[in-house]
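First comes the structure, then the notes that go with it.
The values are calculated or read from the model by the stated rules, or taken from the named source; none is laboratory data. Quick caveat: nothing in here was measured; it's all calculated off a predicted structure. Cβ placement follows ideal geometry from the backbone for every residue including glycine, while neighbour counts extend to all protein chains displayed.
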Amino acid sequence: MITLHRLNGQVVAINPDLVTWIDITPDTTVSFLGGDRIMVRESLSEVIDHVVAYRASIRVLAGASDASPPSEGVIDQARVLRTSGHPPQGYRANRTPPPPPPSPFQLPDDAEIDPSDLPPRAGGL
């Protein structure tokens, strides 16, 4: 959990794993996975610093000191986000999911249907 401050000064602890995005409108608004939002006093950079420190502490506690550092590409994207507040051009946070498997009820495009194989319609049409 990380602690932030609401606009009225109240301290609030949030789970950074549930944060979906952070807006600056002009106040910093943190949006969560369930759709909830809170406005906080901290800037975008400060919230990111809190999240990065939280994740680093988790790695240390888990003994992941041998884990490889982030790539230069990841670091560059983080720098662009910090300075502009917008993702870099071409960045896709949510990649397109793979297409669903074909339905067992889906007919191939070239399938021919014999009307005599169909059940009769209700109402005698």
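Of everything in segment 4-23 that is assigned to a strand (DSSP E or B) and surrounded by fewer than 12 Cβ atoms within 10 Å (Cβ to Cβ), the residue that is nearest to the chain's Cα centre (by Cα) is TRP21. Please tell me if ASP76 is at pLDDT below 80 and of a type outside the set (S, T, N, Q). Considered against the rule, which asks whether it is at pLDDT below 80 and of a type outside the set (S, T, N, Q), ASP76 comes out as yes.
If you go through segment 24-35 and keep only what is of a type outside the set (A, V, I, L, M) and not in a loop (DSSP other than H, G, I, E, B), you end up with THR28, THR29, SER31, PHE32.
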